[in-house]
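Have a look at the structure below, then the notes.
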Amino acid sequence: MVGHAFKYLHCPRIPPSIYVKVKSQTTAALRTIFAHVVVPTEMPAKEDFGDIDFLVSSALHFPHSNNAKNFDWEGCVSRIKSTLNTSHGRRGFKNPGCMYFAIRVPDTEDYYWVQVDVKVCFKPDMFEWETFELNYASNSKMIGSMVKPLGLTIDPKGLHVRVDEIEATNFLGSMVWVSKDPRDVLRITGLDRRIVDAGFKTKEEIYGYFTGSWLFNPAHFAARLGEEQYFCRLEDRSPHWTYFIKEWVPKHYPGYCFGQDEPIRSVSCEYNESQVSLELHEWYKRTRACVREKVFIMFPHIPSGYYTKRAAHVKEQEEHRLRAIIMAALPVGEIGWKDEFHKPQIKIKQPEPVEPRTSEFKPTAAGELTPSLTPIEDSYINYVGMWKKMFEKEDGKAEKKRAEEKMRAKSENIVAAEGERITARLKALNLSLCFIEKN
């Protein structure tokens, strides 16, 4: 479409020759400012172009700007304007993650401008994924529409698999992140690398490419076209994909309804609308299970997160169900309550009787004190024995210490005697050596 960022400038659609020339010069200029610069692949065989779209990442002069909030938009716009030698450039209003510029067509007599759109990717590790999303007029939206009813979601963060039981009540919460590699999407959908390698020369090749996927079903698009909201939203999509859904598929798949092992048959002949809807629903169910199994095989770590999220949801749902049952069983207000209710039978287990441990009662002799009524035991404390043991222990320690000192003194005496003996032998040896020298 024609660029509309600068309504006060004449920015007509440009032929392929001008498009290629401006794209080449602008790419070289932007590479002096960004480490990663790419132009998403356009649909093949286009006769003219409304603008030139660029995706960039890793600003060389703004290394600390890693998100849209702290990015120096004003400084970046000024630097790009200077590099492109233009006075027309600004940050987007409706799309604040994009910058728009208008440059004069070089080496031409015609006085008009070419709009250049520069979208910034703040995460270098997502650069390849965002490029994939923008290739061929946002082809990822078509793949996303094809796989959405089969339990997969494609969004700016990557590919996700959804938990069946959760998506009806919490669509975002049902998603389990799988990958941000475009090649993984192609492996799951059974498509080759032409979509990422710019391997198409005509639109017919691209349309046939998508219908070659094992997940393509024309009845799915027929059912979506029956939804008013989806039909209206198609107008906001690329005209290439609107044509594919509304015209190309019905033309190549007469009847435009479900068919698996046989060619698509006309709805008016053998199928009615309810039968087609039922068969499509069954196809969704079977194929979704196959897709999920393929994802689990390709990514062995995904099932753990998938079933953990599913188990948490099932537990929460069961708690809600029990709460609803209990609340429904409780009467509201004063109605339903009774003063008389069945009292539970309470059994108290008595402890077994234990004979009291009291001293035997004996008659008190004349002149003796009356014994105390408090039970007592025949026991006493042998203080003599306690002190004896303590003294014996201390004596043992002292004896052990004396023995150690005695052994230490004996060892020192032995060492001293041995040293004297060795010294005497050395002296005798020296004398003998001196005598030998004199002779």
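The values are calculated or read from the model by the stated rules, or taken from the named source; none is laboratory data. Quick caveat, the model's predicted, so the values are computed rather than measured. Backbone-built Cβ (ideal geometry, glycine too); neighbour counts: all protein chains shown.
Points worth noting:
- In the range 151-178, residue surrounded by the most Cβ atoms within 10 Å (Cβ to Cβ) [restricted to those that are of a type outside the set (S, T, N, Q), under 14 Å from the mean Cα position of the chain (by Cα) and over 19 Å from Pro124 (Cα atoms)]: Val161
- Filtered residues of the range 186-197 (kept if assigned to a helix (DSSP H, G or I) and either surrounded by fewer than 20 Cβ atoms within 10 Å (Cβ to Cβ) or among the aliphatic types (A, V, I, L, M) (or both)): Leu186, Arg187, Ile188, Arg193, Arg194, Ile195
- Residue check for Tyr230: hydroxyl-bearing (Ser, Thr, Tyr) and modelled with pLDDT of 85 or more: no
- Contact annotation: residue pairs with Cβ atoms under 7 Å, 6 or more positions apart or on different chains, pairing a residue in the range 26-42 that is in the same structural domain as Ser57 (by TED's automatic domain parsing) with a partner that is in a loop (DSSP other than H, G, I, E, B), are Thr27/Val39; Ile33/Leu60; Ile33/His61; Phe34/Leu60; Ala35/Leu60; Val37/Arg31; Thr41/Ala198.
- Counted residues, the range 80-131 - those being among the aromatic types (Phe, Trp, Tyr), out of contact with any helix residue (DSSP H, G or I) (no Cβ under 7 Å at 6 or more places or on another chain) and either more than 23 Å from Gly158 (Cα to Cα) or part of a strand (DSSP E or B) (or both): 5
To keep it simple, each residue is scored yes or no on (1) basic (Lys, Arg); (2) surrounded by fewer than 12 Cβ atoms within 10 Å (Cβ to Cβ); (3) part of a strand (DSSP E or B).
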position: Phe6; (1), (2), (3): no, no, no
position: Pro12; (1), (2), (3): no, no, no
position: Thr41; (1), (2), (3): no, no, no
position: Ser57; (1), (2), (3): no, no, yes
position: Asn67; (1), (2), (3): no, yes, no
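- Test: residue in the range 137-152 that is of a type outside the set (S, T, N, Q), within 30 Å of Leu9 (Cα to Cα) and either part of a helix (DSSP H, G or I) or in the same structural domain as Arg91 (by TED's automatic domain parsing) (or both): yes
- Set Thr26, Thr32: member being within 42 Å of the chain's Cα centre (by Cα), surrounded by 19 or more Cβ atoms within 10 Å (Cβ to Cβ) and modelled with pLDDT of 90 or more: Thr26
- Applying a threshold of 6 Å to beta carbon distances and a minimum spacing of six or more residues, or different chains, the list of pairs starting in the range 66-86 at a residue that is closer than 13 Å to Val118 by Cβ and ending at one that is in a loop (DSSP other than H, G, I, E, B) and small (Gly, Ala, Ser) reads Phe71/Ser65.
- Test: residue in the range 75-92 that is touching a Pro at 6+ places or on another chain (Cβ under 8 Å) and either modelled with pLDDT of 95 or more or over 25 Å from Ala198 (Cβ atoms) (or both): no
- The lone exception for Arg183 - which of (1) at pLDDT 95 or above; (2) buried (at least 19 other Cβ atoms within 10 Å of the Cβ); (3) of a type in the set (D, E, K, R) it fails: (2)
- Of residues in the range 100-142 being more than 38 Å from the chain's Cα centre (by Cα) and aromatic (Phe, Trp, Tyr), the one nearest to Phe34 (Cα to Cα): Trp113
- Checked across the range 296-314, the condition of being outside any helix (DSSP H, G or I), within 20 Å of the chain's Cα centre (by Cα) and surrounded by 12 or more Cβ atoms within 10 Å (Cβ to Cβ) holds for at least one residue.
- Filter result for Lys203 (surrounded by fewer than 21 Cβ atoms within 10 Å (Cβ to Cβ) and either free of Cβ contacts under 8 Å to residues at least 24 places away in the same chain or in contact with a helix residue (DSSP H, G or I) (Cβ under 7 Å, 6 or more places away or on another chain) (or both)): yes
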